[in-house]
Amino acid sequence: MKAMKLIKDNVIRTQVAIVGAGPAGMLLAHILRSHGIDSVVMERRTAEHVQSRIRAGVLEHDTSNLLREYGFGPKMDQIGKPKNGTMIVWESEEDHFIDVHKWTGKRMFAYGQTYLTKALYEAHMASGAPLLESVSDVTLNDIASERPYVTACHEGRSIRIDCDFIAGCDGARGICVQSIPSNYQRVFEKQYPFSWLGIMVERPPLEEFTYCFHNSGFALAAQRTPTLSRYYIQVPAGNRVEDWSDQRFWDVLLNRFPLRISRKIQTGPSIEKSIAPLRSIVREPLRYGRLFLAGDSAHIVPPTGAKGLNLAISDVHYLGTAFSDYFKRGSTSGIDRYSEIALRRIWAAQSLSTRLTMLLHRCPDEDPFESKLRQAYYTLLLSDETAQSALAHEYAGPPLVK
């Protein structure tokens with residue numbers, strides 16, 4: 001198979017072993033192919049399962065441009081939609097539009113992660129590059145040495161992948177995170193006392209992505225396609241999907257949105273329903289020996305700022321460029337600075353996502369002082385152009401380092 005050299009029975013040689021075939025791992029493989037670098041991607045789930053996962057999809061301007069550079073523009077334009085920003089509606093207050101285009105000259109792009117993942121898989125399969133699905137018993141070996149290798153079970157047999165580097169793209173609970181000694185890496189974490197309950201419905205979405213603050217909790221109207229909508233409500237941590245009928249969900253959502261907006265929402269039977277706890281995680285550093293973390297392995301952000309997918313893409317952009325510099329020019333500068341460069345963007349996203357989360361949600365143990373602070377910031381946002389510009393620039397995301 002292309003990009004996978006069989007040395008002897010069940011032993012494979014490649015340049016980069018990629019653990020995890022979500023958007024981070026698959027985009028990294030695509031970037032490496034564009035630079036003429038071999039990789040092998042392995043995934044514990046099936047390709048069908050990975051492509052079916054429902055995730056958010058608001059791309060920053062620089063993110064969408066990067067995807068266009070790698071050939072995904074036609075797919076994006078077929079399904080996605082450019083957006084000038086995001087609306088905030090507030091109980092008993094004026095609305096505020098985070099006008100990214102006005103203040104930055106850039107546009108966001110609504111493009112569901114599910115569709116990007118499918119496009120990445122199509123490109124991967126068309127290239128003939130290897131993808132090892134349904135692997136088990138994955139173990140990273142000698143990652144602190146110059147000759148790391150990965151062992152796993154695939155299709156009932158043991159395999160070994162010898163490589164120069166390992167890219168850990170298998171999530172916050174994956175084997176790559178677990179393979180780093182606990183005394184080597186710091187983990188910064190915050191758990192929120194609430195979750196998001198989301199449903200997918202085959203109905204046309206609202207014109208704008210719309211965040212809603214209500215005294216009883218947060219709500220969100222999001223878009224996937226012109227005929228597919230995604231809605232969320234804040235629920236207490238520990239709630240289960242089984243606790244929520246479609247009717248109960250719609251009753252809460254419509255009550256939280258002002259009437260002028262709720263009457264525009266087209267309800268219907270859910271085609272998908274899930275609950276996601278809100279948390280923040282950052283790991284430092286993102287490298288241990290020849291192992292590099294990217295995507296959810298490196299960080300988790302609250303979905304409020306729509307930064308998770310954007311960070312995953314910027315991670316693998318930096319990492320792919322660093323590997324290219326190493327293999328083509330023998331330079332270690334990129335791999336040595338990967339963690340530093342990626343973490344700047346990660347912490348900027350955490351800062352925005354945390355502040356938006358606290359602005360738009362009510363905590364169960366919130367005191368009057370915190371409520372007043374939230375109101376004071378929103379009042380400032382409505383009246384002060386400097387605050388409006390600052391938020392729009394943060395929401396648009398910092399420029400990608402080339």
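The values are calculated or read from the model by the stated rules, or taken from the named source; none is laboratory data. These numbers were taken from a predicted model, which means no experiment stands behind them. Counting neighbours? That spans all protein chains shown, and the Cβs are built from the backbone with ideal geometry, glycine included.
Details
- Scanning the range 134-166 for residues that are assigned to a loop (DSSP other than H, G, I, E, B) and at pLDDT 95 or above yields S134, V135, D142, I143, A144, S145, E146, R147, P148, C163, D164.
- Residue list for the range 341-379, filter: within 17 Å of A219 (Cα to Cα), among the charged types (D, E, K, R) and in a helix (DSSP H, G or I): R355, R374
- Yes/no for V301 being in contact (Cβ under 8 Å) with a residue 24 or more places away in the chain, in contact with a Phe, Trp or Tyr (Cβ under 6 Å, 6 or more places away or on another chain) and either among the β-branched types (V, I, T) or closer than 30 Å to D246 by Cβ (or both): no
- Apart from one condition, Y211 fits all of (1) modelled with pLDDT of 95 or more; (2) closer than 19 Å to Y111 by Cα; (3) out of contact with any strand residue (DSSP E or B) (no Cβ under 6 Å at 6 or more places or on another chain); the exception is (3).
- Of all residues making up the range 382-401, the number that are within 27 Å of the chain's Cα centre (by Cα) and touching a residue at least 40 places away in the same chain (Cβ under 8 Å): 13
- Inspection of the range 134-156 finds no residue satisfying the criterion of being under 30 Å from Y395 (Cα atoms), buried (at least 21 other Cβ atoms within 10 Å of the Cβ) and under 25 Å from the mean Cα position of the chain (by Cα).
- Residue among L311, L319 that alone is surrounded by 22 or more Cβ atoms within 10 Å (Cβ to Cβ), in contact with a His (Cβ under 7 Å, 6 or more places away or on another chain) and part of a helix (DSSP H, G or I): L311
- Residue list for the range 219-278, restricted to those being among the charged types (D, E, K, R), surrounded by fewer than 19 Cβ atoms within 10 Å (Cβ to Cβ) and over 30 Å from M76 (Cβ atoms): R240, E242, D243, D246, R248, D251, R260, R263
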